[in-house]
Amino acid sequence: QVQLVESGGGLVQAGASLRLSCAASGRTFSTSTMGWFRQAPGKERVFVAAITWNGGRTYYAESVKGRFTISRDNLKNILSLQMNSLKPEDTAVYYCTARPTGSYYQPRYDYWGQGTQVTVSS
């Protein structure tokens, strides 16, 4: 069993940076691909970024490529998302996920956090 708890969200102005963290419990963390998804009001949950179990490969949505960086610390069981040059369209609830059951970009993961709100004002 894996529990995921996100933190680091908040209200910032366009162009600012935020760093999201996801604290994971459970031994599955270090062997699982993990990811971040986001969901804006009235919209579907969409892929943001993913990272393989050892950090060897990372994947990003086109909309965040070059601005966001996903990383993980398997010793501390922490997944992070560094978000730079934030835009109003990045406003959403951000979810941490673990262990995909399909492709990494699909919202089909075994474990989800409760989400953290990110709001970017113009």
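The values are calculated or read from the model by the stated rules, or taken from the named source; none is laboratory data. Keep in mind it's a predicted model, so treat the numbers as computed, not measured. Here the Cβ positions follow ideal geometry from the backbone for every residue, glycine too, while neighbour counts run over all protein chains shown. When the accessible area is computed, the model is the full protein with side chains, heavy atoms only, and any ligands, DNA or RNA have been set aside. Shrake-Rupley method; radii C 1.70, N 1.55, O 1.52, S 1.80 Å.
Things to note:
- Point-to-point label distance, E89-R108, nm (Cα→Cβ direction, 7 Å offset): 2.8
- Surface exposure of the chain, expressed per residue as accessible area with a 1.4 Å probe, stands at 52 Å².
- Heavy-atom surface analysis with a 1.4 Å probe gives the chain a carbon and sulfur content of 47 percent of its accessible area.
- Of the residues L86, S121, G56, the one whose Cα sits farthest towards the positive end of the charge dipole of the chain is G56 (charges of +1 on Lys and Arg Cβ, -1 on Asp and Glu Cβ, taken about the Cα centre).
- Magnitude of the charge dipole, the range 3-122, Cβ model with Lys/Arg +1 and Asp/Glu -1, debye to 20: 200
- Quotient of the Cα radius of gyration of the chain and 2.2 N^0.38 Å, N being its number of residues: 0.97.
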